[in-house]
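Shown next, in structure tokens, is the structure this report addresses.
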Amino acid sequence: MAETFKLLTYNIHRGLSAVKKRDILKQILMILELSGADIVCLQEVWQDVGLNEHQLEALCEAGWRHRLYGANAIFPGGATGNAILSRFEVNQWNHVDISVSGHESRGFLHVELIAGSGVPLNVICAHFGLRNSERRMQSLWLQQFIAKRIGPDLPLVLAGDFNDWRGRPESIIAAEHQFHEAMTETVGRFGKTFPSFFPVLPLDRIYYRNLDLQEAQIIRRLEPAASLSDHLPVEAVFALGQGVQVGGENEHGEAKGGGAEATTSGATSRDGTKPSAPPPRDRR
């Protein structure tokens, strides 16, 4: 029987509610615990300046053994970034800066996990920019990274907040790398996740390849939507295909791109700089 795992992606809005901006970290933790997700991809995780402990510490109390964090946007009082929580062992990871000059800093977090059967499972947690010109460049940078670093036959999940409701990342990333989108495969269209109290825009997605999708859904239960983050979480269950071989590079280096943190043992981080030849700016 094929091994299955559940992945959840969630922009937690710095742990603040969508309407009254109150602290909702405990409610977010409850959602993550009740989901039973093996892998969690988070965006807009807050870290106070000068503090060793931040939101990631509290979120890991639910039992994920491994956690990775990469700061994207730096503010006077702290930073926001992407995080990945995992019950699987971490082999190697990268935090990659995909910021576009003149816009808010953005990045993605990549990790190669070792599933229970020994299969390498690649996961990318991404947070794209607000403008189409940013997202086009970021999509191209991400495409280059995948082509260079992740073998075409390896299982890969790309999840996060793409700040896009027209499916344009698909025209660049998904088409090039033969991705499927979990909610589209399940219900025939992108899932609407923003704003959480009246979702009309499908900003948050889970793309995948070389995996068998079992189910996918947007989580709307537990709390009134307006009391949670301004985004809704999306989750999907996958089965690892048979006959996938271990492969790929294992380069060593130091993570870059605004700061990174790992609390895993035996894992290595790799160079997180942008590709040396960025694509031209979108002029549409």
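The values are calculated or read from the model by the stated rules, or taken from the named source; none is laboratory data. These numbers were taken from a predicted model, which means no experiment stands behind them. Backbone-built Cβ (ideal geometry, glycine too); neighbour counts: all protein chains shown.
Does any residue of the stretch 145-152 turn out to be aliphatic (A, V, I, L, M), farther than 24 Å from P233 by Cβ and surrounded by fewer than 18 Cβ atoms within 10 Å (Cβ to Cβ)? Yes, the stretch 145-152 contains at least one residue that is aliphatic (A, V, I, L, M), farther than 24 Å from P233 by Cβ and surrounded by fewer than 18 Cβ atoms within 10 Å (Cβ to Cβ). Candidates are the residues of the stretch 29-39 that are under 16 Å from R67 (Cα atoms), hydrophobic (A, V, I, L, M, F, W, C) and not in a strand (DSSP E or B); the one that is modelled with the highest pLDDT is A37. Reported count of residues in the stretch 72-87, each being crowded, with 23+ Cβ neighbours inside 10 Å, more than 12 Å from A126 (Cα to Cα) and not hydroxyl-bearing (S, T, Y), is 1. When F128, F108 are checked against the criterion of being touching a residue at least 40 places away in the same chain (Cβ under 8 Å) and in contact with a Leu (Cβ under 7 Å, 6 or more places away or on another chain), a single residue qualifies: F108. Of the residues L59, L42, which is hydrophobic (A, V, I, L, M, F, W, C), surrounded by 22 or more Cβ atoms within 10 Å (Cβ to Cβ), modelled with pLDDT under 90 and within 13 Å of A83 (Cα to Cα)? Every option except L59 fails the conditions. Here the stretch 223-249 is the region considered, the condition is being among the charged types (D, E, K, R) and within 19 Å of T9 (Cβ to Cβ), and the residue that is modelled with the highest pLDDT is E235. Inclusion of L158 among residues that are of a type in the set (A, V, I, L, M, F, W, C) and in contact (Cβ under 8 Å) with a residue 60 or more places away in the chain is not warranted.
Which count do you get for residues in the stretch 78-129 that are outside any loop (DSSP other than H, G, I, E, B) and under 21 Å from V234 (Cβ atoms)? Spell out the reasoning first.
Residues of the stretch 78-129 outside any loop (DSSP other than H, G, I, E, B): 78-86, 89-97, 107-114, 120-127.
Pick out the ones that are also under 21 Å from V234 (Cβ atoms) and you get 80-86, 107-111, 113, 121-127.
Final tally of qualifying residues: 20.
Checked against (1) buried (at least 24 other Cβ atoms within 10 Å of the Cβ); (2) small (G, A, S); (3) touching a His at 6+ places or on another chain (Cβ under 6 Å), A126 passes all but condition (3). Scanning the stretch 167-186 finds no residues that are modelled with pLDDT of 85 or more, touching a helix residue (DSSP H, G or I) at 6+ places or on another chain (Cβ under 6 Å) and either closer than 20 Å to Q43 by Cα or in a loop (DSSP other than H, G, I, E, B) (or both).
The residues of the stretch 160-204 that are surrounded by fewer than 19 Cβ atoms within 10 Å (Cβ to Cβ) and either of a type in the set (K, R) or in contact with a Pro (Cβ under 7 Å, 6 or more places away or on another chain) (or both), listed by number, are W165, R166, R168, R189, K192.
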